[in-house]
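Participant: Take this structure first; my questions come after.
Please treat every number below as a calculation from the coordinates, not as lab data. The structure presented is a predicted model; accordingly, all values stated were derived computationally and were not measured. All Cβ positions, glycine included, derive from the backbone under ideal geometry; neighbour counts span all protein chains shown.
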Amino acid sequence: MADNKVITIMRGYGSGGRTIGKMLAEDLGWNYYDRELLRLASDESGISEELFARADETAKRSLLSLFRFQKDFLDGQVISPRSEDFLSGENLFRYQAKIIRHLAETENCVIVGRCANYILADHTNVVNVYVHAPEKVCIRTVMNLYGMSREDAEKKIRDTDKQRSDYVRQYTGRDWKCADDYNLCIDSSKMEWKECIRIVKAYLSCMA
């Protein structure tokens, strides 16, 4: 594997994690991936991008298949198009995992979401970041960005964070807010976003 560096970012809705990721990638001159991974996985598999997006939104945990699946995706296995499970949520995730692993092996990049920190757990030169902020701050941010009422902003945050939590738990068995799974946990409400970027870059520069 080449000495490529990857920064993964998981984030609470309204914390600014996605924007911080974009700004960080631009500052470093690296490629940025978020929903772009759906397009790449679609191109790789020939499966509609819409199906990948829908699988993100309908994660349902299956304890029976979790152990078997975790081993499969860590090994980078995908299901044959001849299989009746080719369009299953698990196989769609495997394709995304395959793309993420390929990116980590070929370029420096910032990847937001998609369980990238878990998929790349056995890779060196990866910095895993979790960006969060107090609920009241996230609510205010969402209200200002999207012109939502407080009630609608609270619901959007609650629903989106639950979706992300379910997605991570289904495909990894982990709690997405567990600090043990990250190198840096940043409260974005305590500083300007450019300062968050400075902290991540400082950590990156200390890597051997």
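Participant: Tell me which lysines have Cα within less than 16 Å of LYS190's Cα, excluding those fewer than 8 residues away on the same chain?
Facilitator: The reachable lysines, counting only those whose Cα sits under 16 Å from LYS190, are LYS136.
Participant: Could you name the lysines in cross-link range of LYS22, using Cα to Cα under 18 Å and dropping any fewer than eight places away on the same chain?
Facilitator: LYS5, LYS194, LYS201
Participant: When ranked by the protection proxy of mean other Cβ atoms within 10 Å per residue, highest first, what sequence do the peptides 164-175, 104-115, 180-191 form?
Facilitator: 104-115, 164-175, 180-191
Participant: Based on Cβ point charges of +1 for Lys and Arg and -1 for Asp and Glu, what charge dipole magnitude is obtained for region 113-198 about its Cα centre, in debye rounded to the nearest 20?
Facilitator: Magnitude of the dipole: close to 180 debye.
Participant: Another question, then. How far apart, in nm, are the 7 Å Cα→Cβ label points at LYS177 and CYS206?
Facilitator: Going from the LYS177 label point to the CYS206 one covers 2.6 nm.
Participant: Spin-label point model (7 Å from Cα, Cβ direction): what's the LYS194 to LYS136 distance in nm?
Facilitator: A separation of 2.8 nm, rounded to one decimal place.
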